[in-house]
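Take a look at the structure below.
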Amino acid sequence: MTNEDTLRLFFALPCPPEQAAAICEWRDKQGLGGRPVPAANLHMTLAFLGAQPESDLEAIRQLAADIDSPDFELVLNRLITLSKGFVCLAPTEAPPALLHLAASLAERLVALGLALDSRPYLPHMTLTRQAARMIQGAAASFSWKAERFVLYQSQNTPDGVRYRELGSWPLRASETT
Ligand code: ATP
Ligand code: MG
């Protein structure tokens with residue numbers, strides 16, 4: 001239950017504005033129907049915490065600050081449809097550093113006593129909800145370097161859901177070839 005003492009939280013990779021604009025422009029030409037996600041809301045969830053007491057926020061921020069995980073190139077080039085008709089962009093192959101980051105967060109959140117989703121981690125970026133049809137297959141390719149991860153508060157507003165950034169942490173610069 002959400003009340004004024006709890007915050008609905010999740011960790012995610014933000015989609016940089018330039019790529020978000022390009023993704024939305026491409027998506028809007030695909031005839032997916034449903035409810036398109038606004039460009040400002042595009043993200044890839046790393047860990048969903050759900051409603052947590054505000055008093056736990058400092059411990060959650062500290063857990064994030066303790067993470068040492070390398071940056072990585074994210075390439076999204078596949079469309080998948082999840083349950084409820086969520087059409088999503090996904091990588092053909094999840095970068096090991098992305099899986100490492102998600103697993104590090106999950107491990108630390110569980111150690112803090114949070115109950116996480118037991119389903120295996122599936123990297124995806126939701127583009128449209130309640131799409132008219134199931135869509136799977138190749139998409140245009142969108143890529144960027146993931147250099148930070150963010151703790152968001154999910155807020156319901158009269159204009160729809162809004163994600164408020166409560167913290168941002170850099171990923172370690174890795175060697176490039
Ligand atoms: P709304 O639910 O209000 O339509 P939303 O789904 O964008 O909007 P949240 O439900 O707060 O907002 O979810 C925030 C992010 O966490 C989204 O990426 C969502 O897919 C993900 N998420 C929500 N619930 C879970 C869950 N039980 N397990 C894993 N990820 C979740
Ligand atoms: Mg939701």
**Qualifying residue in the range 23-31 (condition: among the polar types (S, T, N, Q) and at pLDDT 95 or above)** = no
**Message:** On the basis of being within 16 Å of ligand 1 (Cβ to nearest atom), open to solvent by 20 Å² or more (accessible area, probe 1.4 Å), among the hydrophobic types (A, V, I, L, M, F, W, C) and in contact with a strand residue (DSSP E or B) (Cβ under 8 Å, 6 or more places away or on another chain), does VAL161 make the cut?
**Reply:** yes
**Prompt:** Can you name every residue in the range 45-66 that is buried (at least 18 other Cβ atoms within 10 Å of the Cβ) and more than 14 Å from ligand 1 (Cβ to nearest atom)?
**Reply:** ILE60, LEU63, ALA64
**Request:** Look at ALA138 and say whether it is touching a residue at least 60 places away in the same chain (Cβ under 8 Å), touching a helix residue (DSSP H, G or I) at 6+ places or on another chain (Cβ under 9 Å) and more than 20 Å from SER104 (Cβ to Cβ).
**Result:** no
**Asked** For residues in the range 87-128 being closer than 23 Å to VAL37 by Cα and open to solvent by 40 Å² or more (accessible area, probe 1.4 Å), which is modelled with the lowest pLDDT?
**Response** ASP117
**Prompt:** Can you tell me which residues in the range 129-158 are modelled with pLDDT of 95 or more, open to solvent by 50 Å² or more (accessible area, probe 1.4 Å), away from ligand 1 (no atom under 16 Å from the Cβ) and not basic (Lys, Arg)?
**Reply:** SER141, SER143, GLU147
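The values are calculated or read from the model by the stated rules, or taken from the named source; none is laboratory data. No experiment lies behind these values; they were computed from the predicted model shown. Ideal geometry is used to build each Cβ from the backbone, glycine not excepted, and the neighbour counts take in all protein chains shown. Note: accessible area is taken over every heavy atom of the protein model, side chains too, but ligands, DNA and RNA are not part of it. Shrake-Rupley method; radii C 1.70, N 1.55, O 1.52, S 1.80 Å.
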